[in-house]
1. For the pair Ser30 and Lys57, how long in nm is the line joining their label points, each one 7 Å along Cα→Cβ?
2. Fewest Cβ neighbours within 10 Å first, please rank Met23, Met86 accordingly.
3. Tell me, Leu27, Leu51 in order of fewest to most beta-carbon neighbours within 10 Å?
4. Counting other beta carbons within 10 Å of each residue's own, what order do Glu41, Glu46 fall into, fewest first?
5. Mean projection of the alpha-carbon convex hull of segment 24-100 over all orientations, in nm²?
6. Report ³J(HN,Hα) in whole Hz for each residue of segment 33-38, in order, from the Karplus equation J = 6.51 cos²θ - 1.76 cosθ + 1.60 where θ = phi - 60°; Gly and Pro get x.
Amino acid sequence: MSSRFSERIGKREPRSAIQLSSMDDKLRNSLWNVLNFYIFEPLLKEDSQTLTYSRFKDLFQSIWFNFFKEPIDQISFNKSSLIDEMRRRFLLGTIWRSTIL
């Protein structure tokens, strides 16, 4: 990974390469944007408004079961509600506290 010119000449403090005990807003927002671009936008472009017949259904069930450790029957099958819930957990950091620590 290359550093910025201002970091190389000492005018700006370099960002830490690895964030072990926490995640800064820049990283969290960047990760959310990737998820939004590659998963949530294509999900919303599907014909159905529900997750029932979506190609992403297995992904979200796996996240709920393996990552959140919550019952699969608690997943909202309404796509907009599901994305809102994922955004809340992701950006507020509730999913990271147990994962990082």
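1. The two pseudo-label positions are separated by 3.6 nm.
2. Met23, Met86
3. Leu27, Leu51
4. Least to most surrounded, the residues fall as Glu41, Glu46.
5. Here the figure is 5.0 nm², rounded to one decimal.
6. With the stated coefficients, segment 33-38 comes to 4, 5, 4, 4, 5, 9 Hz.
Only the coordinates and a few stated rules stand behind these numbers; no lab work does. Remember, predicted model here, so these are calculated numbers, not experimental data. Glycine gets a Cβ as well: all are built from the backbone with ideal geometry, and neighbour counts include every protein chain shown.
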